[in-house]
Amino acid sequence: MVETSNAIIARIDSLAKERKIILRAILVGSAARNTWLSQDHDLDIFLGVTPDGDLAAALEVARLVAVDYEEKYAEHPYVHAWVDGFDVDLVPCYLVEDASSLKSAVDRTPFHTRYVSRWIAGREDDVLLLKQFMKGIDVYGSELKVGGFSGYLAELLVLHYGSFNGVLQAASAWRPGTRIDLEGKGKKAHDEPLIVVDPVDPNRNVAAALTMDKMLQFVAVSHAFLKEPSSDFFFPMNLLPLSDEEIVAQINVRGTKLILVEFPAPGVVEDILYPQLRKAEESIKALLERNGFLLLRSDVSTYRDRAVMLFEMEVWELSKASRRIGPPVWEAEHIARFLEAHPLPLSGPYIAKGKVVVEELREYTQARDLLAAEIENLSLGKHILPAIRGGYKICVGREMLDIRDDGFRVFLAHYFQARAPLRLTTACCSSSLSGRS
């Protein structure tokens, strides 16, 4: 990693000199702080220009660093390259003198590197233990797909609590609203589940991306580990793609109806894509539920160039007759509008518990038919709706077997054994899936 990062920085310096561009290449992130996990192959290198410099010129240099690369966009464009087996993010930024003078969000990162490097000496192993523990229990990663702990957040927790064990002991007593302020400079109120004031930018919550579920998962498993330590906590379950027989077995034993929407994944970064997938998921759930269908659970994922939304139905078929409850009998004006909206009832109107009621035929008795008819009319997100309109398919139950992709079948494996991160806190940790992990 050191040799690769040094070679990349040397190439950036050379390219900049050739083009008479003033910039400084900086290694940031865990690799710069000696807190990177051995299995990680990610490098973050920033191309810093002066506050009045040209980010576009820095981006042009980034494009020339490696032959194998793609351009991505967060707050502004950057390059994601592949060099000697490493995933390398080459990010243009402004080299501001103080974190209070940021011109873009990424300008903050070099300050993070300097802050942690100043205090982390002697505690690197504790950070590595904490990061691996978080990976093992599936709470590591601040990207919105995961909603977990960032590497920087893990480092700050070790700095604050002193050690790996210190973090777990404190975390086992965390409650939503816990606030940590290493420098005591934070004044801004935050409403996220965990508040960790950024020591280099006191208005920012480092834990803003951490979801309530991931925070409390960490709380629960920290308590379990302290009660009964085991190396198993440090290693995530590596689930294999499910076979046709295993998928069918899960469908049969659950007795639910699985409805899958599959479509081309929009070509945007995951931190843009996943919030929109979650928004689309919620819109579809609301559609199904307000029409009388009942969901057990749902989830979203991506694989290769595809995106999927999975809905597991407890009730997926309804009777033809449905009951519509109107306003109280004393609201004459509202009753008139209600009856105008339901002009041809099967039965009614009649009074039940003080309200006007009619019974009428449902337009859709199958969840699949409702979804197919209405999905393009829902609020699905800026990038999701065009992708859906460009072509999608709905698979129900065993129709999912037609999807042969390993990534999709690993997603199903994780969906069916959702208790994996808490496997050591329960008595029943065996299943038809765990034997293949």
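For LYS187, go through the aspartates and glutamates and keep the ones whose alpha-carbon is under 17 Å away, minus same-chain ones fewer than eight residues off.
ASP198, ASP201
Would you mind ranking ILE12, ILE325, ILE21 by Cβ crowding within 10 Å, fewest neighbours first?
ILE325, ILE21, ILE12
Give me GLU312, GLU143 ranked fewest to most by other Cβ atoms within 10 Å of their Cβ, as a rough exposure proxy. Show your work: numbers first, answer last.
Working: GLU312 19, GLU143 13.
Ranking GLU312, GLU143 by Cβ neighbours within 10 Å, fewest first, gives GLU143, GLU312.
Given the pairs LYS103/LYS382; LYS103/LYS279; LYS145/LYS214; LYS188/LYS279; LYS214/LYS257, which span a C-alpha to C-alpha distance of over 18 angstrom in this model?
Going by Cα-Cα distance, LYS103/LYS382; LYS103/LYS279; LYS188/LYS279; LYS214/LYS257 fall outside the 18 Å limit.
Rounding to the nearest 10 and keeping the result within 0 to 90°, find how far the Cα-based axis of helix 2-18 lies from the longest principal axis of the chain.
Around 80 degrees separate the two axes.
Grab the eigenvalues of the alpha-carbon gyration tensor for region 66-182, scale each by 5, take roots, and send me the semi-axes largest first in whole angstrom.
Taking √(5λ) for each Cα gyration eigenvalue gives 28, 19, 15 Å.
Quick check: the angle from helix 151-161's long axis to the longest principal axis of the chain, C-alpha only, nearest 10 degrees?
80 degrees
With a sphere of radius 11 Å drawn around the Cβ of LEU378, what net charge do the other residues whose Cβ falls strictly inside it have (Lys, Arg +1; Asp, Glu -1)?
Spelling it out: positives minus negatives among the neighbours equals -2.
By what distance, in whole Å, do the Cα atoms of region 122-173 stretch along each of the three principal axes, largest value first?
31, 24, 17
Of the listed values (i) 68, 50, 46; (ii) 81, 53, 49; (iii) 64, 54, 46, grab the one calculated as Cα extents along the principal axes in Å from the structure here.
(ii)
Of all beta bridges DSSP finds with both residues in the chain, what is the antiparallel percent, to the nearest 5?
So the antiparallel bridges in the chain amount to around 80 percent.
Counting other beta carbons within 10 Å of each Cβ, put ASP126, ASP138, ASP232 in order, fewest first.
With the fewest neighbours first, ASP126, ASP138, ASP232 line up as ASP232, ASP138, ASP126.
Computed from the coordinates by the stated procedures, all read-outs in this text should not be read as laboratory data. Computed from a prediction, not measured in an experiment: that's the story for all the values here. Here Cβ is always computed from backbone atoms with ideal geometry, including for glycine, and neighbour counts include all displayed protein chains.
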